[in-house]
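Engineer: Pasting a structure here, questions to come.
Every number in this text was worked out from the coordinates using simple rules, so none of it is lab data. Being a predicted model, the structure only gives us computed values, none of them experimental. All Cβ positions, glycine included, derive from the backbone under ideal geometry; neighbour counts span all protein chains shown.
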């Protein structure tokens, strides 16, 4: 790419924005935005708490303690205890490990082929792109949660099924977004310039189109991540996820239904954990999007 | 041919491959899944004889394409198969349950329009005031709440603590409007909150965009009252994208209703999907997925056409 850049500038065509510069600008924008900072702080601290859960000296999330059933929140058990005397705080934090990990794996699992297919659809001939996009249209024509339920029905329950099911739901969405971005990147002058200079096609795609797409796509991914978290909770609430006793945010909520009359705290806290992490991701995603695309700023 | 008619025809023709694809995908759900469908349905608990019988009932002993064509033939004639679990016909279950889901989804949609649109409008008109800040904060929080958790919290608050509403149960709004609404209000609030927030956010940004247009300046310049400018010129144009978002989200509501119906024990289509899932009742799941997806595609078509109708630039373009 290096010779191409020097040549294009000598012909008066603006060079592609250097990546370092652009990220620098985005970073400066972000630092100014307190909401995005709050959002990332929430997400990072929840992730750290989830990772560190075994090191925090909490009560076991699965060990029964019948003598301590339905203790309301207070010192000793900040979030109270559940119907089997297990510490709710510990279950929420250990549940975070399963829920966040499942959502992260879903995002990676869908994003890798999704971005690849999107770029391919963006740069290839009308026929290949047509085939890819019609297949994605088909996947998009199922109502999202039902598609996930159907896939889970075929594969059986468990975290693995949820990851595959939600991956199938988000794959076409990621492909569409990426293709759209790729098309707009290809129309840029610096891509045309590189093309005119005879840069090989694959090189053009890998070195110029892909990196310039990624920044926009990553923002969209962070917003999808928030949706995936909600969907993962919903599916595991329906009993499609990890079977008990392993806690997930969804299955704690499922169990809590029976005890909402006497022990509403069992239902309250895991929901707060879901809402907080989704809020963090939304704050972060919105702010990064605004920082990267000044036109969208309102 | 007038452009509008041609537009409708093109869309309807484009629907054919999608419907075809949907039918193949729904069929594949039962017949191409890894492992023997009969074994999957019996959950590994069946005797060899049961497995053989079920295989025969599902037609697994015949070639795949023949099975698909036979199944398609029955589906086109309105036969979505029958439950393995209690032998009821899927179509009968649908006819019985659909009104519940429809009334839930419609009420959720109504709530989101009644709250989301004014909230977005106020937010845009009083941009950067405290009204705007509060509305945007509420929007952001509402977008982050899991609907089923919100439902649980609403039950705790309104049914258990305040004793205002029944916890679970169902009466059709057709037989008894008041009592039906009492059962539906909490579920539809839980279901509609996300869409309310989405609409509020969308209306805000599109009103802001429209308010910057030349024709608004013209309208103000010729001395129209602000109310007329706002409602007749700004809001009307700003609502066009909202129609699309609502259409797309009908599908999300239809799917999301499964979770809410399960939580509130409402006898709707979504609850049937989940019950069938627990029972590994694949024919029922297959029939329902096909039915709801076709419905979803048709709704999207209607919304697209409505969109063209609402925006004269597209109608005559």
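Engineer: Fewest to most neighbouring Cβ within 10 Å: what's the order for A:202, B:71, A:265?
Structural biologist: A:202, A:265, B:71
Engineer: For chain B, what does the helix formula give at 222 nm: sum of -39500 (n - 2.57) over DSSP H segments with n ≥ 4, over the residue count, nearest 500 deg cm²/dmol?
Structural biologist: Details: 13 runs with 234 residues, N = 317.
For chain B, the value works out to -25000 deg cm²/dmol.
Engineer: Which angle between 0 and 90 degrees, to the nearest 10, do you get for helix A:34-52 versus the longest principal axis of chain A when only C-alpha atoms count?
Structural biologist: Helix A:34-52 sits at roughly 60 degrees to that axis.
Engineer: Sticking with this structure for a sec: Counting alpha carbon pairs within less than 8 Å and at least 6 residues apart, what relative contact order, in whole percent, applies to chain B?
Structural biologist: Details: 329 pairs, mean separation 82.2, N = 317.
Averaging sequence separation for qualifying contacts and normalising by length gives 26 percent for chain B.
Engineer: While we're on this one: Would you work out the relative contact order for chain A, in percent, from Cα pairs under 8 angstrom that are 6 or more residues apart?
Structural biologist: 26 percent
Engineer: Obtain the nm distance between the two label points defined at residue B:209 and residue B:24 by a simple spin-label model: each point lies 7 Å from its Cα along the Cα-to-C-beta direction.
Structural biologist: Result for the modelled spin labels: 3.5 nm.
Engineer: In nm, to one decimal, how far is the modelled label at residue A:124 from the one at residue B:134, with both set 7 Å along Cα→Cβ?
Structural biologist: It is 5.4 nm.
Engineer: Compute the long axis of helix B:48-58 from its Cα atoms, compare it with the longest principal axis of the Cα atoms of chain B, and write down the angle in degrees, 0 to 90, nearest 10.
Structural biologist: Helix B:48-58 sits at roughly 50 degrees to that axis.
Engineer: Hey, another quick one. May I ask for the angle, rounded to the nearest 10°, between helix B:3-31 and the longest principal axis of chain B, with both axes built from Cα atoms and the value confined to 0 to 90°?
Structural biologist: Helix B:3-31 and the main axis of chain B meet at about 40 degrees.
Engineer: Roughly how many Å is it from the Cα centre of the range A:182-246 to that of the range B:128-174, as a whole number?
Structural biologist: Using only Cα atoms, the two centres lie 34 Å from each other.
Engineer: Can you give the FRET efficiency for residue B:85 and residue B:231, using 1/(1 + (r/R0)^6), R0 = 41 Å, r = Cβ-Cβ distance, to the nearest 0.05?
Structural biologist: Given R0 = 41 Å and the Cβ-Cβ separation, E is 0.15.
Engineer: Which whole-number percent is the relative contact order of the range A:84-190 (Cα, under 8 Å, 6+ apart)?
Structural biologist: Numbers: 89 pairs, mean separation 42.6, N = 107.
For the range A:84-190, the relative contact order is 40 percent.
Engineer: Continuing with the same structure: For the pair residue B:42 and residue A:69, how long in nm is the line joining their label points, each one 7 Å along Cα→Cβ?
Structural biologist: The modelled label-to-label distance comes out at 3.8 nm.
Engineer: Could you tell me whether chain B comes out rounded, prolate or oblate from its Cα gyration tensor? Rule is a ≥ b ≥ c as square roots of the eigenvalues, rounded for a/c under 1.5, then prolate if a/b exceeds b/c, otherwise oblate.
Structural biologist: Since a/c reaches 1.5 but b/c is at least a/b, the shape of chain B is classed as oblate.
Engineer: I've got another one for you. Tell me, in nm to one decimal, what length is gained between residue B:4 and residue B:295 on full extension, where the rule is 0.36 nm per residue of separation less the Cα-Cα distance? Don't skip to the end; give the middle numbers.
Structural biologist: On the way: separation 291, 0.36 × 291 = 104.76 nm, distance 2.28 nm.
Full-extension gain reported as 102.5 nm.
Engineer: In whole Å, what is the distance between the alpha-carbon centres of the range B:245-317 and the range A:110-137?
Structural biologist: 26 Å
Engineer: Now, a different point. I need the shape label for the protein assembly as shown. Rule: rounded when a/c is under 1.5, else prolate if a/b > b/c, else oblate, with a, b, c from the alpha carbon gyration tensor. If you can, show how the numbers build up before the last one.
Structural biologist: Details: a/c = 1.34, a/b = 1.22, b/c = 1.10.
Rounded.
Engineer: Related question: What FRET efficiency would be calculated for the residue pair residue A:259, residue A:201, taking the C-beta separation as r and a Förster radius of 45 Å, to the nearest 0.05?
Structural biologist: Efficiency, rounded to the nearest 0.05: 0.15.
Engineer: Same structure, new question: Can you tell me the FRET efficiency between residue B:181 and residue A:44 if r is taken as the Cβ-Cβ distance and R0 is 60 Å, rounded to the nearest 0.05?
Structural biologist: About 0.85, to the nearest 0.05.
Engineer: Another question, then. Rounded if a/c is under 1.5, else prolate if a/b beats b/c, else oblate: with a ≥ b ≥ c from the C-alpha gyration tensor eigenvalues square-rooted, which is the range B:111-153?
Structural biologist: oblate
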